[in-house]
Structures are given as structure tokens and as C-alpha cells.
1. Can you tell me how many residues within segment 281-317 are touching a Phe, Trp or Tyr at 6+ places or on another chain (Cβ under 8 Å), surrounded by fewer than 22 Cβ atoms within 10 Å (Cβ to Cβ), of a type outside the set (Val, Ile, Thr) and part of a loop (DSSP other than H, G, I, E, B)?
2. For TYR253, work out the one condition from (1) closer than 30 Å to GLU156 by Cβ; (2) among the aromatic types (Phe, Trp, Tyr); (3) open to solvent by 40 Å² or more (accessible area, probe 1.4 Å) it doesn't fulfil.
3. Taking the condition of being within 23 Å of ASP55 (Cβ to Cβ) and either in a strand (DSSP E or B) or open to solvent by 40 Å² or more (accessible area, probe 1.4 Å) (or both), how many residues in segment 134-154 meet it?
4. Which of the residues belonging to segment 77-105 are touching a strand residue (DSSP E or B) at 6+ places or on another chain (Cβ under 6 Å), over 21 Å from HIS146 (Cα atoms) and surrounded by fewer than 22 Cβ atoms within 10 Å (Cβ to Cβ)?
5. Got a sec? Which of PRO205, PRO218 is at pLDDT 95 or above, of a type outside the set (Gly, Ala, Ser) and under 18 Å from the mean Cα position of the chain (by Cα)?
6. Does TRP164 satisfy being crowded, with 21+ Cβ neighbours inside 10 Å and not charged (D, E, K, R)?
7. If GLY119 passes every condition in (1) open to solvent by 70 Å² or more (accessible area, probe 1.4 Å); (2) without any contact (Cβ under 8 Å) to a residue 24 or more places away in the chain but one, which one does it miss?
8. Would you say ARG180 is among the charged types (D, E, K, R) and assigned to a strand (DSSP E or B)?
Amino acid sequence: MSRDNDLPEDPHRRLLLKGALAAGTLAAATAGVAHAAPTPKAPPFVNPLVRNRADPHIHRHADGHYYFTATAPEYDRIILRRSRTLNGLATAAESVIWTKHATGVMGAHIWAPEIHRIGGKWYIYFASAPAESVWDIRIWVLENAHRDPFKGTWTERGQIKTAWETFSLDATTFTHRGTRYLAWAQHEPAMANNTALWLSRMANPWTLTGPQVRLSTPELDWECIGYKVNEGPSVIVRNGRLFMTYSASATDYNYCMGLLTADVDSDLMNPASWVKSPTPVFTSNDTTKQYGPGHNCFTVAEDGRTDVLVYHARQYKEIVGDPLNDPNRHTRVQKLGWKADGTPDFGIPVADTAPAASAEPVKESA
């Protein structure tokens, strides 16, 4: 996952190592006196975690809170929740921290917000279109200098300018070896697709620098059902590799997740460094009755060790009308496993555990 939250890279494993060394020293001095308390286990997850919230993003911050944002089905606002536990996000109070403009830019299709902590400030990346031209979707940035993102002022930093003024969305940011990158989805002129995946270095949290390179374009059959789409990138670094997930095909039950892999020592700006998995890594499942899983991010459970996959899915396969008008993409979470070869084991989207409930939160878990 992107470790850009004022914590050192992979802090949980580092702290565990320090703790182990300290425990060894203490044991030598106090042998037979007492045993250290066991590390608490991650609690079982409640699913769906947040109903009627698509394109979820959960950021675990150094203040001990999880911060949650996602696409609201009305496509008209950016929301934020906070909880000390992942399950607590289900009932955490929801605040509207920004609303679309009545006219002009940022006036329609408010999609896929992500919240990041960079250089002591909060940033939200999101997609939107002018009110008068709702499919001219571009990437925009909000900034808040207050330590508490529920307070202070969210300033509009403007549009992230890419090489072309074309359909673009789903920006995420991460750092690797001191360099900040932006990954996003965009249509390239003259290409016979809807969106491909792109990568660029950043001069600051709202400005790209240097070239932008195409990492992946929809070319395999499972990436081209309904629409030719690669979108929603997210990055996790483990076991000497960077893993970039993405979503493909139309936003119905054909929606699924693919995977790109790069070695940590490789040049990330060289498309040849990234290897695409030939088959999707996370797909609809009739047994668990979860359909169209995708637009994921990664976080870590309360135990500080268990990697968690965050995504959205629907609970039924058939949709009447345009899937974008169907509000029932729900945020879901589940443990992310790891195979013996060090690659992620996504498994299948787990079955529901939570009873039917209102989409509106009823209390806050702080």
C-alpha cells in the first residue's frame, strides 16, 4: 500500500522487529518472571463494511485512526469517516467535506476520491467533470493544512495536468525510494480503448514532472468486456516487489481486478519493468454471491501485520439499465493472503456477514 502517512516505510514490521529485540534483552534480565502479552489478533471483518459507497479508499494514519472516503451514488460530494477500527467505519459518523460546483468545472460526476497525508498536509484526489459537459472527466486535488481533516479548510489546488486533455480518472499516489509517483487511468488519443494505466513522477502533490508512461492497456479478453478499461490502480510493496492492482471491463458483474508486478530495484518509469498477470486475480463469485469486485485499495488490520484488501462489489448479478445508475456497490474488506512465492493471494470475494442495514451511519467510533 502507499506508505505516505508520515510513517516510515513498512512501519509495522519494523516496530515488530524492534519489539522482538527489546523483548530478548528484557528476557535475559528477567528470565522466569513473566511472559510478554501476545499480539492481539485482527478481529473478523463485517461485510458489507459500508453500504452504497463505491471506489473505497481507507487510509490508516499515525494518529491511530482509519480514514475512509468513497464515491457516493449521487456523484455530488466527497465524504469522510473516521474510526479507530476497520469495523467501526460501518457506523462512524459521515461528514461532507466538499460539494460539487453548481456550474463549471467540478460540477458533475464526483468520482473515486482518495485521501493521503503528504508533507504534513491532507490531500484528496478525485475525478470530476464540468456541469455543462459531464463526460469531460479530469483529475482534481483538494488540500487541507489542518492536522484534523474534519477541520480546517479544503482548498481546491486545481486539475492535475497530464499530456492530453482527455477522459482521465482514478488517481492514486505512492512513494518509492524517495520519489513520489502518480498512477491513474486515461484515454490516449488515437488508441482504441477507453482508458489505460499511466505513471508519472510528481514535482509536488498536484503537479506531474518529467514524462508520463503507459504501463498497461486493455488487450486481454477479460479486460475488454463491455468497455476496454484499465482503471483504479493501487499499489502495495511486499517481498521485494511492487504490486499494482487495477480494475478492468464494464462496471457490471464483468468488472474484475488485474495485477502488474515490478521488482523494487527496477526502473518504475520503464514499462518493461511491469509484468501483467495473464488472468484476472479477483472476480465475481456465484457461491458467495458477490459481483463486480474491483476498484480496490490496501490497508492493514489493527494488529499491524495483517494486510487487508478493500474493494466494492454488488450482491446481485443482473442490473436494470446503466450500471453507473445502480447505487448498490458496497465497500467490503477481507484479509489479503500471500503465496509461498511472495505474490498476493486475493482468494475470492467473501460472503456477506452483516445483516441488511441502512446506508446511513448511526454513530461514530472514535
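The values are calculated or read from the model by the stated rules, or taken from the named source; none is laboratory data. Bear in mind that the values here come from a model prediction, so they are computed numbers and not experimental data. Neighbour counts are summed over all protein chains in view; Cβ atoms, including those assigned to glycine, are modelled from backbone coordinates with ideal geometry. All accessible areas refer to the heavy atoms of the entire protein, side chains included, with ligands and DNA or RNA removed. Shrake-Rupley method; radii C 1.70, N 1.55, O 1.52, S 1.80 Å.
1. 4
2. (1) is the only condition that TYR253 fails.
3. 11
4. Across segment 77-105, the qualifying residue is only LYS100.
5. PRO205
6. No: the conditions fail for TRP164.
7. (2)
8. yes
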